[in-house]
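Q: Right, I'll just put the structure down here and ask away after.
The values are calculated or read from the model by the stated rules, or taken from the named source; none is laboratory data. In this text the structure is predicted, and so the values were computed from the model without any measurement. A quick note on method: Cβ atoms are made from the backbone with ideal geometry, for glycine too, and the neighbour counts reach across all protein chains shown. The protein model used for the area step is the full one, side chains on, heavy atoms only, and it has no ligands, DNA or RNA in it. Shrake-Rupley method; radii C 1.70, N 1.55, O 1.52, S 1.80 Å.
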Amino acid sequence: MNLDSATLKFRALICRLAPAVALALIALPSWCSNNAADEVPAVVLIGFAGPLSGASASIGQSMEHAVEMALTEANAHPLRIDGKSIQLRILSQDDEGKPRTAAIVAGYLAKAGAVAVVGHWQSTASLSAAPIYRAAGIPQISPGSSNYQLTANGDKNIFRVVGRDKDIAYRCAQIAQHTLQAKRIVIINDDTIYGSTLASFFSESLEPQQGMLVSHYSVNNTTSDFNVVLNALKTNHPDLVFFGGQMHQAAVLQTNLKRVGITANLIAPGIVDPDYLNLTGAAGEGSLGVSTGIPQERMRGWKKFKDRYSAIFGDHIDYYAPFAYDAANAIIAAIKQANSVAPEKLIAALHSLRYQGLTGPISFDAQGNLNHPTYTLFRVQSGKWQPVESFGGK
């Protein structure tokens, strides 16, 4: 058979192109590959809910940054769960520190498909949101809510990485009577569940034979006018004032105590925060704060956390940021342990979790409370919160 010149040229072209075609087939784009490494990761939403506006905005924003950092660190190493590649992504919502807004936020996070939530910070917000998370079957880990009722309802999906009000109030009472040797004690609390519960537990924890409860006052949680209480204190002559309420209001109270010349020490849970120092200035000297956890400088891995956080978000690290970081990492550890992102499996994994966190060992009792919480007494000295002693732990 005779081949014309055109056919011969075509065959020669095919022979020359064959190696290039083979290489091209080898180097096909990733979307043509069945290799798992080329798989597009499925996005898994981790909710964050906290006060991103209002008086506690700086606290909420710092916690949000810590959660974001935890997820970024996890995503830096390929995550394969149940044979599939996943990428964790934060879904943040501002609950404004208000119960009604917290409930709305919880509903949104549930509908948006968040498999777990780090939040809320205020106890009132967590209590309002808890029934919604329970109905949706989503695990909720609070980085700051200490109200005992949060985990007392039998909800298997509710956890916290901080201690409880009852324990904190007991520690405050012990410090007041045994460490400070207070003899005339006045209790002031705001009218929230958080403040009134703290005050009640503190009062119950006092030993009558060693300390005298002079008076007990309640104020509106939004007031900055303490004149009625201050006038009463001038005749009561207390040597210690216990305050149950939010940090910013405690700062106003402390400033007014110094302004009118009342020399009694102020002791309060939940005020160990840079913002308290900014709000009180020189008037804050001598203030006593009792907080969950150990001093940050004693946390294992604190320097690494601080350096990384500061490089990304700046130097302001709120006291509760490490707890939010641990809450997020507990969720990540539960995902890996369960080999699933199904909320019901995460809940089961969290109940058996044993995790070494930044703030200390993380594990939960049957109610979702942190096992063996630690507490620290701080005092403001030379414009800084200085640790005095720590209690509890294991």
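Q: Please verify whether region 317-325 includes one or more residues that are closer than 21 Å to residue 90 by Cα, among the charged types (D, E, K, R) and under 15 Å from the mean Cα position of the chain (by Cα).
A: For region 317-325, residues closer than 21 Å to residue 90 by Cα, among the charged types (D, E, K, R) and under 15 Å from the mean Cα position of the chain (by Cα): present.
Q: Give me the pairs, please: first residue somewhere in region 130-145 and within 14 Å of residue 324 (Cα to Cα) and outside any helix (DSSP H, G or I), second residue anywhere and polar (S, T, N, Q) and at pLDDT 95 or above, beta-carbon distance under 6 Å, and either six or more positions apart or on two chains.
A: 142/126; 145/126
Q: Can you name every residue in region 184-204 that is of a type in the set (Gly, Ala, Ser) and open to solvent by less than 20 Å² (accessible area, probe 1.4 Å)?
A: 195, 199
Q: Given 377, 370, which one is in contact with a Cys (Cβ under 9 Å, 6 or more places away or on another chain) and more than 24 Å from residue 86 (Cα to Cα)?
A: The match here is 377.
Q: Let me ask something additional. Which one is modelled with the highest pLDDT among residues in region 142-189 that are within 18 Å of residue 103 (Cβ to Cβ) and aliphatic (A, V, I, L, M)?
A: Looking at residues that are within 18 Å of residue 103 (Cβ to Cβ) and aliphatic (A, V, I, L, M), I get 158.
Q: Every residue in region 357-380 that is surrounded by fewer than 20 Cβ atoms within 10 Å (Cβ to Cβ) and more than 16 Å from the chain's Cα centre (by Cα), please.
A: The answer is 365, 366, 367, 371, 372, 379.
Q: Considering only region 177-285, give the helices (runs of 4 or more DSSP H) lying wholly within it that have at least 2 residues that are over 31 Å from the mean Cα position of the chain (by Cα) and among the charged types (D, E, K, R).
A: Where helices (runs of 4 or more DSSP H) fall fully within region 177-285 and carry at least 2 residues being over 31 Å from the mean Cα position of the chain (by Cα) and among the charged types (D, E, K, R), they are 247-259.
Q: For region 302-331, give me each residue that is of a type in the set (A, V, I, L, M, F, W, C), part of a helix (DSSP H, G or I), out of contact with any strand residue (DSSP E or B) (no Cβ under 7 Å at 6 or more places or on another chain) and buried (at least 17 other Cβ atoms within 10 Å of the Cβ).
A: Matches in region 302-331: 302, 305, 313, 321, 323.
Q: Yes or no: region 100-107 includes at least one residue that is open to solvent by 70 Å² or more (accessible area, probe 1.4 Å), modelled with pLDDT of 90 or more and either under 17 Å from the mean Cα position of the chain (by Cα) or within 30 Å of residue 271 (Cβ to Cβ) (or both).
A: yes
Q: Got a sec? Which of 130, 125 is surrounded by 23 or more Cβ atoms within 10 Å (Cβ to Cβ) and within 14 Å of the chain's Cα centre (by Cα)?
A: 125
Q: Within region 271-309, track down each residue that is in contact with a Phe, Trp or Tyr (Cβ under 7 Å, 6 or more places away or on another chain) and among the hydroxyl-bearing types (Ser, Thr, Tyr).
A: Within region 271-309, 291, 292 qualify.
Q: Then there is this: Among the numbered criteria (1) out of contact with any Cys (no Cβ under 9 Å at 6 or more places or on another chain); (2) surrounded by fewer than 20 Cβ atoms within 10 Å (Cβ to Cβ), which single criterion is violated by residue 151?
A: (2)
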